[in-house]
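A short reminder: the numbers here are calculations on the coordinates, not readings from a lab. Predicted model only: the values in this text are computed from it and were never measured. Virtual Cβ from ideal backbone geometry, glycine too; neighbours counted across all protein chains shown.
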Protein chains: 2
Amino acid sequence: MRISMLAERTGLPVATLKYYLREGLVPPGIATARTQALYDEAHVARVLLVRALTESASLSLAAVRQVLAVLDDPPASRHDLLGAAQHALLTDEERSAGTPGAPAADPWLSRAAAVVAARGWYCDTDDPLVRRLAEGLRAADAADVTISDEHLDAYARASETIADADVASVPADAAGAMRQVVVGTLLTDPLILTLRRIAQQQASDTAAARPTS
Amino acid sequence: MRISMLAERTGLPVATLKYYLREGLVPPGIATARTQALYDEAHVARVLLVRALTESASLSLAAVRQVLAVLDDPPASRHDLLGAAQHALLTDEERSAGTPGAPAADPWLSRAAAVVAARGWYCDTDDPLVRRLAEGLRAADAADVTISDEHLDAYARASETIADADVASVPADAAGAMRQVVVGTLLTDPLILTLRRIAQQQASDTAAARPTS
């Protein structure tokens, strides 16, 4: 199909498609003339994926490029694969942070580690995700948002429910598993946050309906 | 304190503080000379809040402005308050969408409604959050991410656990409740998504350790 049809099929302007092509986010079509190329179903799927990652998951183009690189070249072993998928979900900054020398006596890192350990999860304070959790706790505190240990443990319990369902849905083949962990996680994040808001409405209506004796 | 001290206390460059002041995100200090003003602890708290909303919750300045407007002028009744808080958490687009004429026969809206109804929650397909859920489901499908009903129900169950803890933590006073619902939700979203990733690591390690007979 021509680029005009690719635009129609994906709902994106031709200018955006040309931008994706120029940036290498979508592979080139088969050239049929100096300024014309033909695209196929694989192009449609790739454009829709880039669109979902930028629009729905709000990823930067650099982050999209990182995700696509991992999807296009998945590791052979299933164990490496899950590590690579988790790695693709980190930010550039987190990836390049490396291991700090001494385990810093940061109270937020200690609290993040305690939350993780309280669930019986393996906890490494050098793990970029534990550090991200610590940064989140620090930011909430700076904005004067207090979160009790019980409140945080409820979040961790809920995350366990989510993650168990996520892991159960990972297909057996390497490429499919990679896609499910990386793309699936990014595109279901907004669903979880939306369901949280709907559940809040529900819970506050229920609380409001209770007699305040 | 002078603006240089405000910068030191909040960890932000003077240029950023001047930008916040110019944009009205932080109220002016008390002028002591034509180009000098003094700031107090309320300014420190406000700057830290704006910083957390932009950096940690990734809000646009327009969204920050909306959140601050609601915090600065909370409704008198507790019931209006929770509605206003939920309203402040919507995007501009969602707020201005209005009620569509006919209940569109959109399969994603039907599925979103079914997810909500399956939990026994009150469901209104005109609710902007139910519409946001439908858009999220549509985006995941466009990127070829399949989510089973069981998987989605696990997300809804987890959201219930999260929302119950959220609502239990809302203080009794109107201003405090408003702040907790709006700022608390925005700043704990990243914590939940981070815990999800840590729990995924944990769940996949556990799955990998199981004999594959």
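Structural remarks
- This model, with +1 at the C-beta of Lys and Arg and -1 at the C-beta of Asp and Glu, gives the protein assembly as shown a dipole about its Cα centre of some 980 debye.
- Pairwise FRET efficiency - residue A:31 versus residue B:2, Cβ, R0 = 45 Å, nearest 0.05: 0.10
- Evaluated at q = 0.18, 0.25, 0.29, 0.30 Å⁻¹, a Debye calculation over the C-alpha positions of region B:1-56 (equal weights, vacuum) places log10 I(q)/I(0) at -0.51, -1.02, -1.38, -1.48.
- Shielding of peptide B:108-118 by partners, expressed as the average count of other chain Cβ atoms within 10 Å per residue Cβ, is 1.
- On the rotation that sends chain B to chain A, the chain B Cβ lying closest to the axis gives residue and distance in whole Å as B:158, 2.
- Applying 1/(1 + (r/R0)^6) with R0 = 51 Å to the Cβ-Cβ distance of residue B:73 and residue A:9 gives a FRET efficiency near 0.60.
- Residue B:150 versus residue B:38: modelled label distance in nm, points set 7 Å from Cα along the beta carbon direction: 6.7
- For chain B: relative contact order, % (alpha-carbon pairs under 8 angstrom, 6 or more apart): 19
- Per residue, the Cα convex hull of chain B amounts to 186 Å³.
- Here residue B:32 yields copy-to-copy label distances, from shortest upward, of 7.3 nm, the label point defined as 7 Å from Cα along Cα to C-beta.
- Separation of the residue A:172 and residue A:91 label points, Cα + 7 Å toward Cβ, nm: 3.9
- Taking each DSSP H run with n ≥ 4 as -39500 (n - 2.57) and averaging over every residue of chain B yields -19500 deg cm²/dmol at 222 nm.
- Simple rule: put +1 on each Lys or Arg Cβ and -1 on each Asp or Glu Cβ in region A:1-59, find the dipole, and look at A:16, A:3, A:33; the Cα lying farthest toward the positive end is A:33.
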